[in-house]
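S.K.: There's a structure below that I have some questions on.
The values are calculated or read from the model by the stated rules, or taken from the named source; none is laboratory data. What you are looking at is a predicted structure, and each value in this text was computed from that prediction instead of being measured. Ideal geometry is used to build each Cβ from the backbone, glycine not excepted, and the neighbour counts take in all protein chains shown. These accessible areas exclude ligands, DNA and RNA; they are computed on the full protein's heavy atoms, side chains included. Shrake-Rupley method; radii C 1.70, N 1.55, O 1.52, S 1.80 Å.
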Amino acid sequence: IVKNEEKNIKAAIESFTPFADEIIVNDTGSSDNTINILKSLPVQIIQTEWEDDFSQARNASLAQASCSWIIWMDADDRVPEDQVENFLKLKTAPLDRCFGFQIVNTQGGLPIGTRFMQTRMFPNHPDIRFERKIHEQMIFSAARLGLHSKYTDTLIWHTGYEDPIHKKLKAQRNLDLLLDGDTADDPIIPMQIGDSLAILERFEEAAEVIHLCAPTDPY
């Protein structure tokens with residue numbers, strides 16, 4: 001899913017094409033040159049209205065997918081050339097599992113130490129869909145089907161936090177969506193709120209939120 005990603009989208013698509021059989025891009029209202037760039041690339045373009053719901057936007061693109069496997073990516077993701085072979089091999093795996101990859105944050109165009117594991121690849125099944133308006137996940141629906149994530153050493157570079165100003169803008173957007181949703185039964189949400197507050201340098205508020213979501217008795 002993209003919106004105003006003229007600076008990123010070409011490099012992202014070019015890093016996916018060596019292993020992708022189809023690439024579906026859902027533009028949610030770009031006003032820059034994103035659409036014109038996409039028209040020059042080997043992708044299927046759909047356009048939907050942005051409704052402050054990342055899951056809704058992602059699920060709109062899933063509905064268009066025709067291949068057996070789906071890998072979800074963002075415009076600020078990059079697949080290094082030396083990782084392409086890993087993705088090609090995973091496409092031959094049995095369709096009874098999901099795959100997680102190491103998402104590596106970059107700085108100056110190079111990977112740095114911070115990384116996390118995230119499930120990105122899953123079978124194309126109508127009952128596997130994203131949930132949550134922000135920090136969306138498909139692992140819940142996959143789990144209901146009995147699928148488990150197999151974590152790999154395969155890397156995806158994430159370039160989206162290189163610009164500190166853009167990083168804060170994204171944190172504010174995320175915070176607004178987190179506070180707008182019904183989060184009473186989801187213990188992960190307070191941690192995500194705390195993370196956004198910390199990026200915005202609202203440290204006292206972040207500490208208070210994270211303290212409230214921490215267990216009072218680990219035993």
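S.K.: Just to be sure I understand the filter: pairs with C-beta atoms under 6 Å, separated by 6 or more residues or on different chains, first member in region 65-78 and over 19 Å from D27 (Cβ atoms) and in contact (Cβ under 8 Å) with a residue 12 or more places away in the chain, second member outside any loop (DSSP other than H, G, I, E, B) and open to solvent by 40 Å² or more (accessible area, probe 1.4 Å). Which pairs pass?
M.R.: Sorted first by the residue in region 65-78, then by its partner, the pairs are R78/W157.
S.K.: Go through the residues of region 72-82 one by one and say whether even a single one is of a type in the set (D, E), part of a helix (DSSP H, G or I) and out of contact with any strand residue (DSSP E or B) (no Cβ under 7 Å at 6 or more places or on another chain).
M.R.: yes
S.K.: Restricting to region 135-158, and then to whatever is within 15 Å of L90 (Cα to Cα) and of a type in the set (A, V, I, L, M), can you tell me which residue is least open to solvent (accessible area, probe 1.4 Å)?
M.R.: I156
S.K.: Let me ask something else. I'm told S68 meets every condition in (1) open to solvent by 40 Å² or more (accessible area, probe 1.4 Å); (2) in contact with a strand residue (DSSP E or B) (Cβ under 7 Å, 6 or more places away or on another chain); (3) of a type in the set (S, T, Y); (4) farther than 18 Å from I139 by Cα except one. Can you identify the failing condition by its number?
M.R.: Every condition holds for S68 apart from (4).
S.K.: Same structure, new question: Are any residues in region 43-63 touching an Asp or Glu at 6+ places or on another chain (Cβ under 9 Å) and assigned to a loop (DSSP other than H, G, I, E, B), and if so, which ones?
M.R.: Matches in region 43-63: V43, T48, D52, D53.
S.K.: Name the single residue, out of those in region 41-65 being under 18 Å from K10 (Cα atoms) and out of contact with any Lys or Arg (no Cβ under 8 Å at 6 or more places or on another chain), that is surrounded by the most Cβ atoms within 10 Å (Cβ to Cβ).
M.R.: Just the residues of region 41-65 that are under 18 Å from K10 (Cα atoms), to begin with: 41-47.
Add one more test, that the residue is out of contact with any Lys or Arg (no Cβ under 8 Å at 6 or more places or on another chain), and what stays is 42-44, 46-47.
Numbers: P42: 12, V43: 18, Q44: 14, I46: 16, Q47: 12.
Taking the candidates together, the pick is V43.
S.K.: I'd like the residue in region 123-148 that is of a type in the set (S, T, N, Q) and not in a loop (DSSP other than H, G, I, E, B) and, out of all such residues, is nearest to A57 (Cα to Cα).
M.R.: Among residues in region 123-148 that are of a type in the set (S, T, N, Q) and not in a loop (DSSP other than H, G, I, E, B), the one nearest to A57 (Cα to Cα) is Q137.
S.K.: Next question, about the same structure. Under 7 Å between Cβ atoms, which residue pairs at least 6 apart in sequence (or on different chains) link something in region 88-116 that is within 18 Å of R78 (Cβ to Cβ) with a partner that is β-branched (V, I, T) and not in a strand (DSSP E or B)?
M.R.: T106/T159
S.K.: Could you check region 7-40 and list, in sequence order, the residues that are among the acidic types (D, E), open to solvent by 40 Å² or more (accessible area, probe 1.4 Å) and not in a helix (DSSP H, G or I)?
M.R.: Residues satisfying the conditions are D21, E22, D32.
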